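Q: This is the structure I want to talk about, given as structure tokens.
The values are calculated or read from the model by the stated rules, or taken from the named source; none is laboratory data. What you see is a predicted model; the values in this text were computed from it and never measured. Glycine also receives a Cβ, built like all others from the backbone with ideal geometry; neighbour counts cover every protein chain displayed. Ligands, DNA and RNA are stripped out before the accessible areas are found, and what is left, the full protein with its side chains, is counted by its heavy atoms. Shrake-Rupley method; radii C 1.70, N 1.55, O 1.52, S 1.80 Å.
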Amino acid sequence: ASFLLLCFRTSLIPPLIFGLLLQPPLTQPSIITQPNIVLLMADDLGIGDVGCYGNDTIRTPNIDLLAKEGVKLTQHIAAAPLCTPSRAAFLTGRYPLRSGMDAINNYRVIFWNGGSGGLPPNETTFAKILQQQGYSTGLIGKWHQGVNCESRNDHCHHPLNHGFDYFYGMPFTLISDCQPTETPEMDRVFRGKLWLYTQMIGLVTLTAALGRLTGLISVSWKTLTCLAGFSLLFFASWFSSYGFVQRWNCIMMRNHEVTEQPMVTDRTTTLILRESISFIERNKHKPFLLFLSFLHSHTPLLTTEKFLGRSHHGLYGDNVEEMDWMVGQVLNAIDKEGLRNTTLVYFASDHGGWLERQEGNRQLGGWNGIYKGGKAMGGWEGGIRVPGIFRWPGVLPAGTVIDEPTSLMDIYPTVVHLAGGVLPQDRVIDGRDLMPLLQGRVEHSEHEFLFHYCGIHLHAVRWHQKDSGAIWKAHYVTPIFHPLGAGACYDRGFCPCFGEGVTHHNPPLLFDLSRDPSEAKPLSADTEPLFDTVIGKIGRAVEEHRRTLTPVPEQLSMYNVVWKPWLQPCCGTFPFCWCDKEGDN
């Protein structure tokens, strides 16, 4: 009997093993496959401009529905308060100064398509890793990460050199110069400095030449030639800033080809939406990454006639409502192709709203809700706290709100992980994979400290004290508002990062954002027993963080920012650059 029982038990082992092998893994199936990824990024949108973040007058039903069907982050932080550095951090998962994409001077973004600065070719974007994992990768809309390095067609900074299979949009950014009816926006201070430098270099060149001819100064002809070349370069850049901005900067490209020069703004919105939906339709049978980088809601606020006058907030509100409609059209396209449950959708803004952007009584910039400050301010919450929404039906719990510190840099490791890729091991990645937090598998964000830069200048640091729930924030530098107490730098148009326009704080201003999210009441050693402990802890974190920084070429140096004729993208024969290939079609 015992022999028969043993045989019976032995005979059960193979089917049991086979049955176990057939069992589905405990992990949800959609996690181990490669989801489609749709990243939607608004331009200059304030956190207070969206319904699900508290706005009850601008209508954003499609963005609100994303939040209802997914996860809303209430403490989602941009790594920089301006377009170029913030987007560089987003694409690379690294603080922008690690790639040289944050400024040492007042030229804090890329100013020209014909400049030589941009996202370095040795940076690895999430698009490049997903491309290697078999994804079709597309960027539609704004780039603002540079185009060329040494020649007009080298395209070293171009999206197609950074992991995107397909690009349609602006290699630059929208500015009011793109709209002939608007007041030119190109920085008047920048123009003035270009003219000053042109005169200075010209004077030095002339003095050196006269000294050489009279024998008073020993200067080689090679040096004189270099000085003369710089004089011409600065003069050309200054001269081009008058009247040529629309032709040089306001262009559209498809892959490597310029399709509109200058762009025809009346149809830009329609073309960007059409291209986005077409990309989804073309790639529905394989995993795809679509980065839809909206031109909305950056000035000059390109808005189609259908939406003009519809909102209660003038042209800016009309523009935001049109962008929300575009979000809805993209979501409808995902549903139409049966991709809803296999697509992770993410919505955010690149930084806070631009408070100072006004014309007369018209407010053309965004609103940042209860948060102090705005665009260009690296420390105050209004410049860096942005909407952050994820939706993935069946994988992420619907209707969830997470009040943990997260960063736009976190998208990088999150999508790389979902695609089955591996993070680069030869560099620091500052982002953290958000999936455990979004799914509720962990309670806290992995970020203990976040460092808030204005250019290369550290303005503030956030410490998430997880055991107490406190979110401490120390400000080392703050901009001087004008008028005093106005909450912005209305005299300058942008708040500066350094110089006479800022105040240095020693000891730092300290706030507990968990109790004072508006940063209205700074704490002191008299009012906060932990003041010295917190400041000491943050100070040590800053020292440790700085040890991870290594020198890199400065992409936004004066030389890289200045316009160079030989780098200018041109449709036709330079300088007679003009084409309208969309109109021809």
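Q: If you check every pair at least six apart or on different chains, which have Cβ atoms under 7 Å apart with a residue in segment 312-323 that is under 12 Å from Asp49 (Cα atoms) and β-branched (Val, Ile, Thr) first and a residue that is part of a helix (DSSP H, G or I) and modelled with pLDDT of 95 or more second?
A: Every condition considered, the pairs that remain are Val320/Asp49.
Q: Sticking with this structure for a sec: Answer yes or no as to whether Val477 is hydrophobic (A, V, I, L, M, F, W, C) and under 30 Å from Leu396 (Cα atoms). Outline the logic, then answer.
A: Numbers: hydrophobic (A, V, I, L, M, F, W, C): yes; under 30 Å from Leu396 (Cα atoms): no.
Against the criterion (hydrophobic (A, V, I, L, M, F, W, C) and under 30 Å from Leu396 (Cα atoms)), Val477 does not qualify.
Q: If only one of Gly379, Gly369, Gly352, Gly373 is open to solvent by 10 Å² or more (accessible area, probe 1.4 Å), of a type outside the set (S, T, N, Q) and not in a helix (DSSP H, G or I), which one is it?
A: Details: Gly379 fails: open to solvent by 10 Å² or more (accessible area, probe 1.4 Å); Gly352 fails: open to solvent by 10 Å² or more (accessible area, probe 1.4 Å); Gly373 fails: open to solvent by 10 Å² or more (accessible area, probe 1.4 Å).
It is Gly369.
Q: Hey, can you tell me all the residues within segment 515-536 that are among the hydroxyl-bearing types (Ser, Thr, Tyr) and either outside any loop (DSSP other than H, G, I, E, B) or closer than 22 Å to Ala80 by Cα (or both)? Spell out how you get there, then give the answer.
A: Applying the first criterion (among the hydroxyl-bearing types (Ser, Thr, Tyr)) to segment 515-536 yields 518, 524, 527, 533.
Across segment 515-536, the qualifying residues are Ser518, Thr533.
Q: Okay, next question. Determine whether segment 101-119 contains at least one residue that is open to solvent by less than 10 Å² (accessible area, probe 1.4 Å) and under 16 Å from Phe164 (Cβ atoms).
A: yes
Q: Let me ask something else about it. Being closer than 20 Å to Lys142 by Cα, among the small types (Gly, Ala, Ser) and in the same structural domain as Gln131 (by the TED database) is true for just one of Ser311, Ser278. Which residue is that?
A: Details: Ser311 fails: closer than 20 Å to Lys142 by Cα.
The match here is Ser278.
Q: Restricting to segment 60-99, name every residue that is part of a loop (DSSP other than H, G, I, E, B) and within 26 Å of Thr343 (Cα to Cα).
A: Looking only at segment 60-99, we keep the residues that are part of a loop (DSSP other than H, G, I, E, B), and these are 60, 70, 78-82, 93-95, 99.
Selection gives Thr60, Gly70, Ala78, Ala79, Gly93, Arg94.
Residues are listed down the side, and each one gets a yes or a no for (1) modelled with pLDDT under 95; (2) under 28 Å from Gly420 (Cβ atoms); (3) among the acidic types (Asp, Glu); (4) open to solvent by 70 Å² or more (accessible area, probe 1.4 Å):
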{"residue": "Pro14", "(1), (2), (3), (4)": "yes, no, no, yes"}
{"residue": "Gly70", "(1), (2), (3), (4)": "no, yes, no, no"}
{"residue": "Ile77", "(1), (2), (3), (4)": "no, yes, no, no"}
{"residue": "Pro85", "(1), (2), (3), (4)": "no, no, no, no"}
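Q: Moving on to the next point. Among what's in segment 527-585 and is touching a Cys at 6+ places or on another chain (Cβ under 9 Å) and of a type in the set (A, V, I, L, M, F, W, C), pick the residue that is surrounded by the fewest Cβ atoms within 10 Å (Cβ to Cβ).
A: Only one residue tops the list, namely Phe576.
Q: Just one of the numbered conditions (1) without any contact (Cβ under 8 Å) to a residue 12 or more places away in the chain; (2) farther than 22 Å from Lys375 by Cα; (3) surrounded by fewer than 14 Cβ atoms within 10 Å (Cβ to Cβ) is not true of Ser524; which one?
A: Of (1) without any contact (Cβ under 8 Å) to a residue 12 or more places away in the chain; (2) farther than 22 Å from Lys375 by Cα; (3) surrounded by fewer than 14 Cβ atoms within 10 Å (Cβ to Cβ), only one is false for Ser524: (1).
Q: Right, another one. If a residue has to be touching a strand residue (DSSP E or B) at 6+ places or on another chain (Cβ under 6 Å), part of a loop (DSSP other than H, G, I, E, B) and crowded, with 18+ Cβ neighbours inside 10 Å to count, how many in segment 241-271 make the cut?
A: Residues flagged as touching a strand residue (DSSP E or B) at 6+ places or on another chain (Cβ under 6 Å), part of a loop (DSSP other than H, G, I, E, B) and crowded, with 18+ Cβ neighbours inside 10 Å within segment 241-271 amount to 2.
Q: Hey, any hits in segment 272-289 for a residue that's part of a strand (DSSP E or B) and either open to solvent by less than 10 Å² (accessible area, probe 1.4 Å) or at pLDDT 95 or above (or both)?
A: Looking for residues that are part of a strand (DSSP E or B) and either open to solvent by less than 10 Å² (accessible area, probe 1.4 Å) or at pLDDT 95 or above (or both), one finds at least one in segment 272-289, hence yes.
Q: Provide a single number: the residues in segment 40-54 that are on the phi > 0 side of the Ramachandran plot and open to solvent by less than 10 Å² (accessible area, probe 1.4 Å). Walk me through how you get there before you give the answer.
A: First, pick out the residues of segment 40-54 that are on the phi > 0 side of the Ramachandran plot: 44, 54.
Next, from what is left, pick out any that are open to solvent by less than 10 Å² (accessible area, probe 1.4 Å): 44.
Qualifying residue count for the region: 1.
Q: Another one. How many residues, within segment 303-317, are open to solvent by less than 90 Å² (accessible area, probe 1.4 Å) and out of contact with any helix residue (DSSP H, G or I) (no Cβ under 9 Å at 6 or more places or on another chain)?
A: Selection size over segment 303-317: 2.
Q: Residue by residue through segment 477-489, note down the ones that are surrounded by 14 or more Cβ atoms within 10 Å (Cβ to Cβ) and in a loop (DSSP other than H, G, I, E, B). Walk me through it before giving the result.
A: If we filter segment 477-489 for residues that are surrounded by 14 or more Cβ atoms within 10 Å (Cβ to Cβ), which is where we start, we get 477-482, 487-489.
Of everything in segment 477-489, those that are surrounded by 14 or more Cβ atoms within 10 Å (Cβ to Cβ) and in a loop (DSSP other than H, G, I, E, B) turn out to be Ile480, Phe481, Gly487, Ala488.
Q: May I ask you to list the residues in segment 283-315 that are among the small types (Gly, Ala, Ser) and touching a strand residue (DSSP E or B) at 6+ places or on another chain (Cβ under 8 Å)? Even if it seems obvious, please write down each step before you answer.
A: From segment 283-315, those among the small types (Gly, Ala, Ser) are 293, 297, 309, 311, 314; that's our starting set.
Matches in segment 283-315: Ser293, Ser297, Gly314.
Q: Which ones in segment 336-363 are under 17 Å from Lys375 (Cα atoms) and of a type in the set (Lys, Arg)?
A: If the condition is that a residue be under 17 Å from Lys375 (Cα atoms) and of a type in the set (Lys, Arg), then Arg357 is the only one that fits.
Q: Of the numbered conditions (1) under 26 Å from the mean Cα position of the chain (by Cα); (2) in a loop (DSSP other than H, G, I, E, B), Val542 fails exactly one; give the number of that condition.
A: That leaves (2) as the condition not met.
Q: Something else now. Among the residues of segment 112-127, how many are within 16 Å of the chain's Cα centre (by Cα) and in a loop (DSSP other than H, G, I, E, B)? Talk me through it step by step, then tell me what you get.
A: Filtering segment 112-127 for residues within 16 Å of the chain's Cα centre (by Cα) gives 118-120, 123-127.
From the residues that got through so far, the ones that are in a loop (DSSP other than H, G, I, E, B) too are 118-120, 123-125.
Total meeting the criteria: 6.
Q: Can you tell me which residues in segment 128-183 are part of a loop (DSSP other than H, G, I, E, B), touching a residue at least 24 places away in the same chain (Cβ under 8 Å), more than 14 Å from Cys250 (Cβ to Cβ) and of a type in the set (D, E, K, R)?
A: Passing the criteria: Glu150, Arg152, Asp165.
Q: Where in segment 387-476 are there strands (runs of 3 or more DSSP E), lying wholly inside it, with at least 1 residues that are surrounded by 22 or more Cβ atoms within 10 Å (Cβ to Cβ) and not charged (D, E, K, R)? Before the answer, list the steps.
A: Numbers: elements: 400-402, 449-454, 457-465.
The strands (runs of 3 or more DSSP E) meeting that bar are 449-454, 457-465.
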